[in-house]
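Working notes, structure below.
What follows draws every value from the coordinates through simple rules; no lab data is involved. For clarity, every value in this text was computed on a predicted model and none was experimentally measured. Backbone-built Cβ (ideal geometry, glycine too); neighbour counts: all protein chains shown.
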Amino acid sequence: MSDLEAELTRLIIETLGLEDLRASDMDPAALLFDGDWGLDSVDALEIGLLLQNRYRIQIGDDKAQNRAHFESVRTLAAFVAAQRTA
Amino acid sequence: MSWIPLARLLEPGWDNRPVTLDGLDLRALQDAAARLAAELRRRGWTRVAVVTDDAWRLAVALWGGWSAGAVVYLAGTLGSDSAARLADQVDGWLGEGTARPDALDPIGPWPEAPAANEPLDTARPCLIVWTSGSTGAPVAVPKSLAQLETEVAAQEVVFGARLGQAAVLGTVSAQHLYGLLFRLLWPLAAGRPLDRAQCSFPEDLIAKTGRLDGALWVTSPAILRRMGDGLAWSNAMGRVVMVSSSGGPLPADTATRIHARLGVRPTEIFGSSETGGVAWRDVDAWWRPLPGVDVTVNADGCARVRSDFLPPGEVVDTADAITLVDGGFLLQGRQDRIAKIEEKRVSLVAVEAALTEHAWVSDAAVQLVPVAPSRLGAVVVLNDQGLRAFLEQGRKAVTDVLRATVRARVETIAVPRRFRLRAEVPRNSQGKLDGPAIAAVLAAPLPVMPTVTQTTSSADGQVTLRLVVEPDLACFQGHFPTLPILPGVVQIDWAVRYAREHLGLNGRFSGMENIKFAQMIRPGDTVELTLERDPDGRRLGFRYACGVAEVSRGRLLFLDPADAVT
C-alpha cells in the first residue's frame, strides 16, 4: 500500500465513522461500493467533499469517469496523484 | 368471592373480605375512605393530586376523593416540572414520603366519619392519568368510573377463571393506568388480596411468591428481561398462575424463558393510557381484542380503536401499524418512529425488526447517531448463539453479518453504521426505549471499563461493585484463537483501578499472592467484585463472583503510600 493509499484509507474510515474497519486490514484494491467497504451514494458525496477539502480536487461531471475513480482506494489514490501533478 | 362494582365498593352491605396481603380488609377501606372524604369536604378540596407508592394509601385516596366528589389526579409518575405545573391546578396533595412535603397522608389520622351511603357517580370524569403528547409533555387523560369498571370487568371475563383467588403482586407502579387497573382496581372489584408495595427487584417478587399459594404477577418487559437464571425460581415454580406484561413488546426468547422457569407463559397486554387495554396475547403472535374493544385499520394503516373503555362515542387513532387477521391483528410497529436520513424516511422499527429476527439477536434499538454523515446506530443484545458467534468469529464478523441482514431488508442508507453490543438495550421502567440513554451509548467510543450498575460499601475499607461485562469492551475485540474470556490480568487491573477510586488506595502495585482463577468471565456476564483493603493500605483482597459461583480471588500487594511519593 502506498503512503497516499494508506492516508486515504485512514481518512475515509475517520470521515465516515467506520469504526469496525481497521486501516491496516483494508486491501487498497477492495471495492468501495457493493464490496468490502459497503459504502453508498451518500458516502460517495462525503468522499468527494473530502477530496475537495483535503487535496483541493474538483470532481468532474463525467459519471462513468467518476465511477472509475471511485472504484477503490487504489483508483482514488491514482486520481488524486494525477490531479496533483496536473 | 363476589364481584363488587367499583362505584359501589363503599356500600356497607357487602360481606367483609381481605384487601391487602398484610391483613387490611374492606371494612378498613370503607372506614378510611369515609374519614378522608369528610376531611376533604371540610377543606373544600375538589381537585386532589395523589403521590404514593403504597397501593393501600392510593385506594384510600381514590375512594375518599371520589366519595367527596373530587377529581383525583395521579401525579406520582410526573416529572418535577409537570408536577409543579399541576400544583397550580389542584387544591392540594395527598400522599406520603418526601416527594411533596405539603402532602396529607390519605390515611390520616382523621376523625371518625359516617360511612358513605350514596353510590358514586359513574359518568363523571373522576380520575386523571397521563399520556405523553407529541412534544413529550404529559397530556391529561380523564377517566370515569364507568370506563374503569367496564375495563376491569372485561379483564375478569378473559382472565378471571385462571386467576381464582390468586394474590396480586406487581413490579410496575400502581400510579400508571396499567398498574392501577391490574394491581389495584381489578383486585378490589374481584376480591383478590393485593400487595401494597411495588416489587422493584426480581428477588423480592420471587421471595413474596414463595409464601403464596397462587399469584398474579403484574410486570413489564423491563423486569422480565432482567430475570436471570441465578434467581430462586424453584420457590415460585407452580405458584404463579398468570404473568401480565405491558408497556412494550416482550422479546420472544424472554417469554420462552419465563415459561420454562414458571410453567406459565406471560400474557402481554397492548394498550395505552388513552385507550386503556386494547388486546392481549400469550401463545400466538397475533393480538386478541379485549371484550368491548373494536380494532380496525385506518387510512394510515394504523389501529383505530373503538372501545367501551373510552368515553362514549370516542374513537382513537393510534400510531401503531397493524394488519388484521382472523380474530385479531398483528402489530407492525410504531409509525411515528421514523428517522429522516438524507431526506429519506427510514422506519426505525423496520431496521429493529430486521435485527431482532436474526438468530443471534435477542433485542435491538436503532436511532440516528451524530456521526458524519448522520446515520443509524444500533444497540444490539446478542443471545447465547450470537455471543458464541462473537466469541468464535470476533466483533467485525458479527457486525458484518448483521449489516448484511439489514441491507437485505431495507435501503442501504438505513443500514446501521455503528453497532454497540451490550448486555441490554436502555429502556425506562415501563419498558419503553430510553432515547437519550441509547444516544449516549451510541455516541460514546467503545468502552475499556465495564458498566458499574451498583456500588455498595458495607464496611470501612470494603466495597462491592456490580459490573456488567459488555461485549463491546476493548479487551474482547479482535479475533480469539480460543474462546475469548476476560483475561486475568484485566481482572486484576480493574480491581486496582476500582480500589484506587473507591478505597483511596494509592501505594504503588508491588505484587500479588494466593491468586486463584476458578471460572471464566465471558462477554455479557454480570459479575460482582468485592474489594477489601487492609488498614495500612498495603494489601487488597479481591473477589469476583458470578451469581453464587466464585470466579477468581486473590490478594494484591502495594508499597507503602509514603514510598510512592518518591
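Some values worked out for this structure:
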{"item": "Rounded Å value of the spacing that divides the Cα centres of the range B:232-298 and the range B:178-226", "result": "14 Å"}
{"item": "Listed residue pairs exceeding 28 Å between alpha carbons, taken from B:Lys143/B:Lys344; A:Lys63/B:Lys344; B:Lys208/B:Lys432; B:Lys143/B:Lys432", "result": "B:Lys143/B:Lys344"}
{"item": "Cα-Cα P(r), the protein assembly as shown, percent of pairs per 10 Å interval", "result": "3, 13, 20, 21, 18, 14, 8, 3, 1, 0, 0"}
{"item": "Local net charge near B:Thr150, Cβ-Cβ under 14 Å (Lys/Arg +1, Asp/Glu -1)", "result": "-4"}
{"item": "For B:Thr464, B:Thr296, B:Thr526, order by how many other beta-carbon atoms lie within 10 Å, fewest first", "result": "B:Thr296, B:Thr464, B:Thr526"}
{"item": "Ranked packing of B:109-117, B:436-444, most packed first, by mean Cβ within 10 Å", "result": "B:436-444, B:109-117"}
{"item": "Whole-angstrom gap from the range B:323-368 to the range B:69-125, using each part's C-alpha centre", "result": "40 Å"}
{"item": "Burial ordering of B:Ile223, B:Ile338, B:Ile4, fewest other beta-carbon atoms within 10 Å first", "result": "B:Ile338, B:Ile4, B:Ile223"}
{"item": "Relative contact order (percent, whole number), the range B:308-429, Cα cutoff 8 Å, 6+ residue spacing", "result": "21 percent"}
{"item": "Averaged over A:18-26, number of beta-carbon atoms from partner chains that fall within 10 Å", "result": "3"}
{"item": "Least to most buried among A:Met1, B:Met1, B:Met227 (fewest other Cβ within 10 Å first)", "result": "B:Met1, A:Met1, B:Met227"}
{"item": "Radius 11 Å from Cβ of B:Asp308, net charge of other residues (Lys, Arg +1; Asp, Glu -1)", "result": "-3"}
{"item": "Low-density loop cleavage sites - chymotrypsin sites (Phe, Trp or Tyr not before Pro) in the range B:1-88, where at most 11 other Cβ are within 10 Å (DSSP)", "result": "B:Trp3"}
{"item": "Per-selection metrics, the range A:3-85 (Cα): Rg and Dmax in Å", "result": "11.7, 34"}
{"item": "Amide H partners (placed H, <5 Å) of B:Met512, local residues excluded", "result": "B:Leu557"}
{"item": "Rg(Cα)/(2.2 N^0.38 Å) for chain B, N = residue count", "result": "1.09"}
{"item": "Contact order relative to length of chain B, as percent, for alpha carbon pairs under 8 angstrom and 6 or more apart", "result": "8 percent"}
{"item": "Reach of B:Lys340 by Cα under 17 Å, taken over aspartates and glutamates that are not fewer than 8 positions away in the same chain", "result": "A:Asp40, A:Asp43, B:Glu352, B:Glu411"}
{"item": "Dipole in debye (nearest 20) - the protein assembly as shown, about Cα centre, beta carbon charges: Lys, Arg +1; Asp, Glu -1", "result": "380 debye"}
{"item": "Computed P(r) (all Cα pairs; the range B:267-379; 5 Å bins; percent)", "result": "2, 11, 18, 19, 17, 13, 10, 6, 3, 1, 0"}
{"item": "Surrounding net charge for B:Glu392, when Lys and Arg each add one and Asp and Glu each subtract one, Cβ distance under 13 Å", "result": "+3"}
{"item": "Over the range B:139-199, relative contact order from alpha-carbon pairs under 8 Å, at least 6 apart, %", "result": "37 percent"}
